[in-house]
Amino acid sequence: MFSLKGHTYSVRCCAMNGEGTIGITGSSDETVKVWDLARGKEMFSLEGHTARVQCCAMNANGTVGMSGSNDMTVKVWDLVGGKEMFSL
């Protein structure tokens, strides 16, 4: 058991892949973080939202994530490379 620490404000959402090895969290600090759950370590901090992140999801194999924000955007993320793919 461990705690994942890295956000500077409250965590609003979390999701994990089907194997439980990769996780994502979204926060009021306007970031999405990608986590290696086997090691309890942050892999990436994804920036691009300009308001709090309200919801997040990922595909079953943990390669693509989505986040929705109060900035009225949905961002699609490459969770392997740690980059924004596009914004809706």
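The values are calculated or read from the model by the stated rules, or taken from the named source; none is laboratory data. None of the values given here were measured: they were computed from a predicted structure. Counting neighbours? That spans all protein chains shown, and the Cβs are built from the backbone with ideal geometry, glycine included. Remember, those area values only see protein heavy atoms, side chains included, never the ligands or the DNA or RNA. Shrake-Rupley method; radii C 1.70, N 1.55, O 1.52, S 1.80 Å.
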Here, trypsin sites (Lys or Arg not before Pro) of the range 30-85 satisfying both criteria (DSSP loop; at most 15 other Cβ within 10 Å) are ARG39
Residue-normalised value, i.e. accessible area per residue, for the chain at 1.4 Å probe, in Å², stands at 57
If the label point sits 7 Å along Cα→Cβ of ALA38, residues of the range 1-21 with amide N under 14 Å come out as 17-21
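Computing the accessible area with a 1.4 Å probe over protein heavy atoms, can you report the carbon and sulfur percentage for the chain? Write out the running numbers ahead of the final one.
Working: 2790 of 5050 Å².
Within the chain, the accessible surface is 55 percent carbon and sulfur.
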Checking every Cys Cβ in the chain against the others at 4.7 Å leaves as unpaired CYS14, CYS55
Extension length gain for SER45 and THR8 (0.36 nm per residue less Cα distance), in nm, is 12.1 nm
